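The values are calculated or read from the model by the stated rules, or taken from the named source; none is laboratory data. Owing to the predicted nature of the structure, the values given are computational and were not obtained by experimental measurement. Cβ: placed from backbone, ideal geometry, glycine included. Neighbour counts: every protein chain shown. Side chains included, ligands, DNA and RNA excluded: accessible areas come from the protein's heavy atoms. Shrake-Rupley method; radii C 1.70, N 1.55, O 1.52, S 1.80 Å.
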Amino acid sequence: MAAATNSKGQAWFCSTGLPRDVVVDVDDMTFHLHKFPLMAKSKKLHELITEQEANLASQTAENETAKTTEEEERSCHVKFPDFPGGPKTFEMAAKFCYAVKIDLTSSNVASLRCAGEVLEMFEDYCEDNLVLKTERFLSQTVLRSLMDSIKTLKSCEGLMPVAENVGVVEKCIDAISTKVLAMDPALFVLASETPVNETLTLANTNRGQLWIEEITFLNPQLFTRLITAMKGKNLSNEVIEICLLRYAKKHIPGINRATRKPQPSNKHSEIDQKELLETIVTNFPQQTYSKSALAVKILFGMLRTANILNASDECKATLEKKIGYQFELATLVDLLMPSYSYLSETLYDVDCVQRILAQFLHNVDNRLAVLHMVGKLVDGYLSEIALDANLKPDKFCELAVALPEQARVYDDSLYRSVDVYIKAHPWITEADRERVSRVLDCRKLTLEACTHAAQNERLPLRAVVQVLFFEQLQLRQAIAGTLMAADIGPLEDSERSPGGRQEMVECDETVVEGPEEEEENVMWKAAVRENRVLRVGMDSMRTRVHELEGECNTMKKAIEKIDKVGPAGWLTKKFGCAFKTQVCVSHKATVVETRKSRARRTHNKSS
């Protein structure tokens with residue numbers, strides 16, 4: 001038996017030495033065979049050849065030229081334009097008719113089963129026929145193995161509708177869903193960015209990852225039917241979600257935009273892509289189970305594609321909801337989605353991020369760690385979108401205040417975003433500048449941020465005054481705590497000294513009254529040195545406070561000259577800063593008097 005090429009295309013000849021009397025056309029391949037082996041196994045070929053012979057018997061030969069022409073004239077001619085599996089499968093079926101041994105595999109058993117159906121090679125026509133052999137191989141070998149069942153199901157894609165009619169598709173889907181249900185859930189993982197090598201076996205890779213990778217090669221119709229069957233068997237929603245995410249990652253363009261590998265050309269039209277995306281999203285479980293950074297990245301990729309393809313609002317809402325369940329695992333790159341709407345003027349889709357954030361806040365369980373992660377993420381996003389010239393102040397403020405107060409430990413990152421926005425939008429009005437700066441909580445700025453804000457000429461005057469005010473309060477509280485520790489500390493130490501005696505310590509590191517042991521003298525000298533360092537630090541802080549008070553008084557006098565009203569009334573009227581004026585009044589007298597009293601005690605003691 002051999003194949004050859006002629007002017008009409010491929011030809012296949014059975015070289016048994018006997019004259020060939022049957023010609024079978026399958027697509028572009030012509031088979032030159034013998035009728036008796038075919039008629040012995042195939043009822044269909046028996047009927048067609050008998051009919052052809054009856055027609056040939058009524059005709060007379062007109063030409064007797066070449067031997068090949070004579071052979072063709074007395075040969076039966078049969079055509080199978082849509083034979084399942086094509087010429088390759090018919091060749092295997094023909095070899096089976098000639099009693100040639102054929103190797104059944106998970107990849108060819110479905111096509112041979114369909115060929116046996118078309119050729120009517122049933123057991124009631126001939127014993128031990130092709131249909132019986134393929135059915136036995138399916139039940140005893142293929143359907144007992146998860147991977148073989150997936151491969152056989154994959155081979156059914158080009159055999160429709162015959163494979164569906166003979167029940168191969170249904171049997172494979174049922175076997176796959178049953179075996180997955182019996183597997184250990186710990187094996188199910190969302191495959192990483194690197195695809196699984198097809199040459200890997202179950203022995204050297206994760207079984208859960210391997211079978212999930214295999215089902216991603218199914219076409220959308222068979223994959224959807226498999227997911228439906230899994231749901232029908234009450235398979236874990238986590239497994240179903242992992243399968244859907246992995247399939248989307250493989251077949252939906254735009255998800256892997258961060259990778260540098262060239263994307264394969266997509267043969268499907270935009271309508272097909274949109275239909276596939278909406279089908280996958282429709283099959284998602286109600287809740288989110290596969291919480292991981294990779295899952296969030298895939299969902300964001302699907303959302304970008306949904307915006308590009310103009311998918312249904314329900315599809316987009318489902319994706320936004322699933323992202324909101326695990327928003328803390330997103331990255332800044334995920335959030336920077338371009339705006340594809342003609343109604344939006346902004347560079348990025350800020351409205352979409354706002355909706356996702358609202359979903360997160362609706363479902364979050366007030367865990368501070370999660371809130372802090374989302375707070376940092378949103379502040380970073382604000383810094384990026386602040387450079388957009390078309391971003392309105394109201395939209396910026398709306399997103400900035402959407403987070404709860406406990407989501408930010410400090411407002412330094414938010415202050416940076418405000419500064420970037422005001423710098424990138426120098427044309428906005430003073431009222432808008434104040435509205436933008438009002439999102440800041442000056443009480444949550446660190447001293448470093450306060451120092452920068454106090455010297456920032458871009459901030460409105462009201463914001464600078466508030467920053468100076470709260471910075472002064474922080475310094476005063478720090479000084480008050482230091483003074484209290486300095487006054488109470490030595491007393492507590494003396495109370496805990498042996499015998500409860502109160503030793504007097506001089507600033508020149510000499511002990512006036514105290515034990516004469518050398519060890520105790522060393523301890524007291526160390527305490528005196530620490531006290532001296534502490535006093536120097538307090539003096540430095542007092543100097544800084546006095547300078548700030550002077551600046552504040554100068555600003556108040558300037559404001560009084562401008563508005564010709566009281567300083568407190570002007571601040572209240574213009575900026576809403578209702579605080580008492582004595583906050584900015586220095587307490588020099590008290591501090592100096594305290595230091596003088598301490599010096600007087602030292603002088604009296606020395607005299």
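Points to keep in mind about this one:
- Considering the range 330-439, the qualifying helices (runs of 4 or more DSSP H), each wholly inside and each with 3 or more residues that are farther than 30 Å from A306 by Cα and open to solvent by less than 30 Å² (accessible area, probe 1.4 Å), run over 412-424.
- Here G116, G158 are screened, and the one residue that is open to solvent by 50 Å² or more (accessible area, probe 1.4 Å), assigned to a helix (DSSP H, G or I) and of a type in the set (G, A, S) is G158.
- Considering only residues in the range 249-291 that are among the hydrophobic types (A, V, I, L, M, F, W, C) and at pLDDT 80 or above, the one that is most open to solvent (accessible area, probe 1.4 Å) turns out to be I271.
- Among (1) open to solvent by 30 Å² or more (accessible area, probe 1.4 Å); (2) within 22 Å of the chain's Cα centre (by Cα); (3) at negative phi - the single one N310 does not satisfy: (3)
- Any chance A203 is modelled with pLDDT under 95 and either under 30 Å from the mean Cα position of the chain (by Cα) or loosely packed, with under 13 Cβ neighbours inside 10 Å (or both): yes
- Any chance E135 is over 14 Å from L159 (Cβ atoms), of a type in the set (D, E) and surrounded by 17 or more Cβ atoms within 10 Å (Cβ to Cβ): yes
- Top-ranked residue of the range 313-329 - restricted to ones that are crowded, with 22+ Cβ neighbours inside 10 Å and aliphatic (A, V, I, L, M), ranked as nearest to K274 (Cα to Cα): L319
- Given (1) in a helix (DSSP H, G or I); (2) among the hydrophobic types (A, V, I, L, M, F, W, C); (3) open to solvent by 10 Å² or more (accessible area, probe 1.4 Å), index of the condition A295 fails: (3)
- Picking from residues in the range 440-467 that are of a type in the set (A, V, I, L, M) and open to solvent by 40 Å² or more (accessible area, probe 1.4 Å), the one that is nearest to C552 (Cα to Cα) is L461.
- Unique match (being under 26 Å from P285 (Cα atoms) and among the aromatic types (F, W, Y)) among Y340, Y325, Y348: Y325
- Listed by first and then second residue, the pairs with beta-carbon distance under 9 Å, at least 6 apart or on different chains, first residue in the range 266-284 and among the polar types (S, T, N, Q), second at pLDDT below 95 and outside any helix (DSSP H, G or I), are N266/P253; Q273/I252; Q273/P253; Q273/N266; Q273/L309.
- Exactly one residue out of L335, L361, L357 is over 17 Å from the mean Cα position of the chain (by Cα) and closer than 22 Å to V439 by Cβ: that is L361.
- Just one residue in the set E123, E164 is open to solvent by 60 Å² or more (accessible area, probe 1.4 Å), assigned to a helix (DSSP H, G or I) and either closer than 19 Å to N219 by Cβ or modelled with pLDDT under 95 (or both); that residue is E164.
- Qualifying position, being open to solvent by less than 10 Å² (accessible area, probe 1.4 Å), of a type in the set (V, I, T) and in a helix (DSSP H, G or I), among T152, T178: T152
Residues checked against (1) farther than 22 Å from E117 by Cα; (2) at pLDDT below 85; (3) over 57 Å from the mean Cα position of the chain (by Cα):
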| residue | (1), (2), (3) |
| --- | --- |
| A2 | yes, yes, no |
| K8 | yes, yes, no |
| H34 | no, yes, yes |
| M39 | no, no, yes |
